[in-house]
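Notes to accompany the following structure.
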Amino acid sequence: DAGVIQSPRHEVTEMGQEVTLRCKPISGHNSLFWYRQTMMRGLELLIYFNNNVPIDDSGMPEDRFSAKMPNASFSTLKIQPSEPRDSAVYFCASRPPGHRNTEAFFGQGTRLTVV
Amino acid sequence: AQSVAQPEDQVNVAEGNPLTVKCTYSVSGNPYLFWYVQYPNRGLQFLLKYITGDNLVKGSYGFEAEFNKSQTSFHLKKPSALVSDSALYFCAVSPDRGSTLGRLYFGRGTQLTVWP
């Protein structure tokens, strides 16, 4: 398996533009997480899906952020409009069934820069 | 609230010396605990986990971690550090019950530097 695949790896956009980050989880995994990593705040859990259903989106910073998982093999994180403070590395991770004690597998991340 | 604390932002150790990276947690019920490592410009990689049983858990690359329930700690250790161990280390906790079941919460990370 190729692991968790995220695209793009790098994204530079202007303030106010819409940004869409993509994630393909590992086949057979039924939990998916979106995290944001910054120097100031560390690794923050943004949203957690289980069986394609959003279970917890309390970490989503504000209404500008939205996430979808239309099927078991694809998820998106959208920021609209983007702001400079959204600049961070965004990670997607997936986890196999038996989620209480199994480890999550991370993608390589998307480095977002909003100028 | 569920939380993970890594009290040291940085740990510096000489090659060949033992290393410890500290982690304490606060979680409802019994915790499932994990350590991950992140190399520059890479995603997080799983090192080891504690689920139940023996308090000393062995993982990848010679790392081990000791679960201490009374101190709510899960410190990462290695008897002899290598320069190649230099990386960012994250402790994580997954609650086994309650409204936060299934989530995975991370500490802020500890930068380990091993000098030759």
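Every number in this text was worked out from the coordinates using simple rules, so none of it is lab data. Small disclaimer: the values here were computed from a predicted structure and weren't measured. Cβ placement follows ideal geometry from the backbone for every residue including glycine, while neighbour counts extend to all protein chains displayed.
For the range A:42-115, the strands (runs of 3 or more DSSP E) that sit wholly inside it and include 2 or more residues that are more than 17 Å from residue A:24 (Cβ to Cβ) are A:42-50, A:53-56, A:65-71, A:88-95, A:110-114. Here residue A:65 clears all of (1) surrounded by 19 or more Cβ atoms within 10 Å (Cβ to Cβ); (2) under 22 Å from residue A:105 (Cβ atoms) except the condition numbered (2). Would you point out the residue of the range A:1-31, among those that are hydrophobic (A, V, I, L, M, F, W, C) and closer than 23 Å to residue A:54 by Cα, that is surrounded by the most Cβ atoms within 10 Å (Cβ to Cβ)? Among those that are hydrophobic (A, V, I, L, M, F, W, C) and closer than 23 Å to residue A:54 by Cα, it is A:23.
Just one of the numbered conditions (1) surrounded by fewer than 18 Cβ atoms within 10 Å (Cβ to Cβ); (2) more than 14 Å from chain B (Cβ to nearest Cβ); (3) touching an Asp or Glu at 6+ places or on another chain (Cβ under 9 Å) is not true of residue A:72: (3). Within the range B:22-44, the residues that satisfy the criterion of being farther than 14 Å from residue B:68 by Cα and not in a loop (DSSP other than H, G, I, E, B) are B:35, B:36, B:37, B:38, B:44. Among the residues of the range B:45-66, how many are under 19 Å from residue A:104 (Cβ atoms) and in a strand (DSSP E or B)? Looking only at that region, the number is 8. When the range B:46-76 is filtered for residues that are over 17 Å from residue B:103 (Cα atoms), crowded, with 17+ Cβ neighbours inside 10 Å and at the interface with chain A (Cβ under 10 Å from one of its Cβ atoms), the ones remaining, listed by number, are B:47, B:48. Among the residues of the range A:25-36, none qualifies, meaning not one is at the interface with another protein chain (Cβ under 10 Å from one of its Cβ atoms), β-branched (Val, Ile, Thr) and over 29 Å from residue A:115 (Cβ atoms). Would it be correct to say that residue A:103 is without any contact (Cβ under 8 Å) to a residue 40 or more places away in the chain and either surrounded by 19 or more Cβ atoms within 10 Å (Cβ to Cβ) or within 16 Å of residue A:20 (Cα to Cα) (or both)? Criteria met by residue A:103.
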